[in-house]
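To keep things clear, I will list the structure first and then write my remarks on it.
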Amino acid sequence: MTKRKAVLAGAGATGIVAAAILLPNANASQSPAGSGPVVAQKMTAASAAGVAEKLGDRLGDAYGGAYYDAGKQQLVVNVAGGDDDAEAAVAQAGAVPRAVRNSTATLKSATGTLSRRAAIPGTAWAVDPRTNQVLVTADRTVTGQRWDRLETAVEALGDGVARIQKSKGEFKPFADGGDAIFGGGSRCSLGFNVTTQDGGRGFLTAGHCGVAADRWTDENGAELGTVQAATFPGEGDFALVTYDDPGADAPDVVDVGGGQTVPIRGAAEAAVGQQVFRMGSTTGLRDGQVTGLNATVNYPEGTVTGLIQTDVCAEPGDSGGALFTRDGAAIGLTSGGSGNCDVGGETFFQPVTTALDAVGARIP
């Protein structure tokens, strides 16, 4: 992946939102009844994620995952086992059916096997619906017997179920210490402002930041807030910090630099193939695509599950920063990964929806 920095063209962040409004949610492209084959609809990534979720429930064992084709603005749904009825159901829903070998159940079972047999620090895996396989990534520390163990585990899954790729970097949380926040000698980034279950105000950041320090300040040393909940490692990487000042100015926006902000309208699920933007206190605004869901990462500190995998670059200090869409949907919180913004790499994010549910907060 080459070095990329997201640019807000024209009128800045307002232009991002305006451009998104102009994108078609769904063109009236289906043929009238009896006039011929059903034609796939154009969808936004957000609407595609909703359709994919419904089809996943409906198709059962025939469902093989789905991804968003951003170029064509279409949802592609994998159908396993040559199920004609399932393919017809996909087409009727306005998506593109695609015959594949592996069902979601098969791929989920494979990730479970990897968790039991190959939870090696420096490895990660996520389902890649575009190849209909589990993509297993090993960083530069996985060598010798550890590499042999990983390769044996992947081969045991069977032909065509999973594949291994090497990363030039090293998987680690991106804490080094949106806006920079500081605590316990660490630097992280503020993710999204939220309303807590008691009506107060707080913000989400990375869990590994939340376990590093109980109290956090801004870059000027002014007290911001106190950690109320933090998860890391384990089933996620997220923390809730509540503001010490009940009247704190905590707008529902992402500061993208240069006096520009992107209004955040709520939280949404990620979709593979979706374009996303990341803001962090070290590297600023960057963009890329979602490449995998429900990812497992084996950091040196422990295993974290349920993450979003992307090709958006990040560096130490970006941890906790906001991952969001062009039209202002909160998607994720920066967890960690490999590489940097010169050479690229793989990055992982905590889904915002899961974090909100866990801490009982909401956006806006």
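The values are calculated or read from the model by the stated rules, or taken from the named source; none is laboratory data. Keep in mind that this is a model prediction, so the values were computed, not measured. Here the Cβ positions follow ideal geometry from the backbone for every residue, glycine too, while neighbour counts run over all protein chains shown.
Do you know which residues across region 135-145 are touching a strand residue (DSSP E or B) at 6+ places or on another chain (Cβ under 9 Å), under 15 Å from TYR299 (Cβ atoms) and surrounded by fewer than 21 Cβ atoms within 10 Å (Cβ to Cβ)? If the condition is that a residue be touching a strand residue (DSSP E or B) at 6+ places or on another chain (Cβ under 9 Å), under 15 Å from TYR299 (Cβ atoms) and surrounded by fewer than 21 Cβ atoms within 10 Å (Cβ to Cβ), then ARG140 is the only one that fits. Since ASN298 meets every condition but one in (1) under 28 Å from LYS166 (Cα atoms); (2) under 16 Å from the mean Cα position of the chain (by Cα); (3) in a strand (DSSP E or B), which condition does it not meet? ASN298 satisfies all of (1) under 28 Å from LYS166 (Cα atoms); (2) under 16 Å from the mean Cα position of the chain (by Cα); (3) in a strand (DSSP E or B) except (2). Filtered by the rule that a residue be assigned to a strand (DSSP E or B) and either surrounded by 24 or more Cβ atoms within 10 Å (Cβ to Cβ) or touching a helix residue (DSSP H, G or I) at 6+ places or on another chain (Cβ under 9 Å) (or both), region 194-224 gives VAL194, GLY202, PHE203, LEU204, THR205, TRP216.
Taking strands (runs of 3 or more DSSP E) as the structural unit, no element lying wholly within region 320-364 holds at least 1 residues that are surrounded by 20 or more Cβ atoms within 10 Å (Cβ to Cβ), within 12 Å of the chain's Cα centre (by Cα) and at pLDDT below 95. Count of region 274-295 residues, restricted to those that are over 15 Å from GLY337 (Cα atoms), buried (at least 21 other Cβ atoms within 10 Å of the Cβ) and either under 11 Å from the mean Cα position of the chain (by Cα) or not assigned by TED's automatic domain parsing to the domain that holds ALA180 (or both), is 3.
Within region 100-115, identify whether any single residue is in contact with a strand residue (DSSP E or B) (Cβ under 7 Å, 6 or more places away or on another chain), buried (at least 17 other Cβ atoms within 10 Å of the Cβ) and over 23 Å from LEU307 (Cβ atoms), and answer yes or no. The answer is yes, given that some residue of region 100-115 is in contact with a strand residue (DSSP E or B) (Cβ under 7 Å, 6 or more places away or on another chain), buried (at least 17 other Cβ atoms within 10 Å of the Cβ) and over 23 Å from LEU307 (Cβ atoms).
For region 242-252, the count of residues that are surrounded by 23 or more Cβ atoms within 10 Å (Cβ to Cβ), outside the structural domain of TRP147 (by TED's automatic domain parsing) and modelled with pLDDT of 95 or more is zero. Only one of the listed residues (GLY273, GLY317) is outside any strand (DSSP E or B), modelled with pLDDT under 95 and either out of contact with any Gly (no Cβ under 8 Å at 6 or more places or on another chain) or at positive phi (or both). That residue is GLY317.
Residues in region 54-88 that are closer than 13 Å to GLU269 by Cβ, in contact with a strand residue (DSSP E or B) (Cβ under 9 Å, 6 or more places away or on another chain) and surrounded by fewer than 20 Cβ atoms within 10 Å (Cβ to Cβ): GLY56 alone.
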